[in-house]
1. Looking at the range 111-151, which of the residues that are aromatic (Phe, Trp, Tyr) and surrounded by 14 or more Cβ atoms within 10 Å (Cβ to Cβ) is nearest to Asp89 (Cα to Cα)?
2. Among the residues of the range 18-30, write down those that are more than 9 Å from the ligand (Cβ to nearest atom) and surrounded by 14 or more Cβ atoms within 10 Å (Cβ to Cβ).
3. So, in the range 31-62, of the ones that are in a helix (DSSP H, G or I) and basic (Lys, Arg), which residue ends up surrounded by the most Cβ atoms within 10 Å (Cβ to Cβ)?
4. Within the range 63-99, can you find the residues that are more than 10 Å from the ligand (Cβ to nearest atom), touching a helix residue (DSSP H, G or I) at 6+ places or on another chain (Cβ under 9 Å), not in a loop (DSSP other than H, G, I, E, B) and not hydrophobic (A, V, I, L, M, F, W, C)?
Amino acid sequence: MAKTVFVLNGPNMNLLGTREPHLYGHATLKDVEALCRKTAAEHKLAVEFRQSNHEGEIVEWLQEAGAKKAAGVVLNPAGFTTTSVAIHDAIKAIAVPVIETHITNIHAREEWRRHSYVSLVAKAVICGFGIEGYALAIAGIAALGQNKSKR
Ligand code: DHK
């Protein structure tokens, strides 16, 4: 059975496409989902694609990814990046690689966006590639899985 990648999106990502398009572009979250499904299929991975404006729901989804032994999690924590100890702790609690992914280059924006509680526990971080970052994160998870089976 195909292994699953969880793609989890934090607050306001449901507004993608209309939200500050000069920063986040014109693609909608549905477009991001389609890109993730296409990329995952190329790597023979299944996808759970979700978005929530609620911190606790994201914590529960991370725990679910751990319990289901997901191949990995692509996580755009959005506004919770700089605030969430709970999401940091949830990532630490699961044995699944989490790829922190941002559409924008958070290091080229406001100074306070640079401090990420998630980066400290993420396997890798991708930012600044627009929505293509999600595809890169899925390809990265696929590569991690292949390397594991070779060792
Ligand atoms: C999305 C958000 O909502 C912001 O809070 C982050 C991130 C950046 C993104 O680039 O995808 O600071």
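Values quoted throughout were computed directly from the atomic coordinates according to the rules given, and no laboratory measurement underlies them. Computed from a predicted structure; not experimentally measured. Quick reminder, even Gly has a Cβ in these numbers, built from the backbone with ideal geometry, and neighbours come from all protein chains shown.
1. Looking at residues that are aromatic (Phe, Trp, Tyr) and surrounded by 14 or more Cβ atoms within 10 Å (Cβ to Cβ), I get Tyr117.
2. Gly25, Ala27, Thr28, Leu29
3. In this case the residue turns out to be Arg37.
4. Selection gives Gln63, Gly66, Gly72, Asp89.
Every residue, every condition in (1) more than 14 Å from the ligand (Cβ to nearest atom); (2) of a type in the set (A, V, I, L, M, F, W, C), yes or no:
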position	(1), (2)
Lys3	yes, no
Leu16	no, yes
Val32	no, yes
Ala41	yes, yes
Trp61	yes, yes
Ile103	no, yes
Arg114	no, no
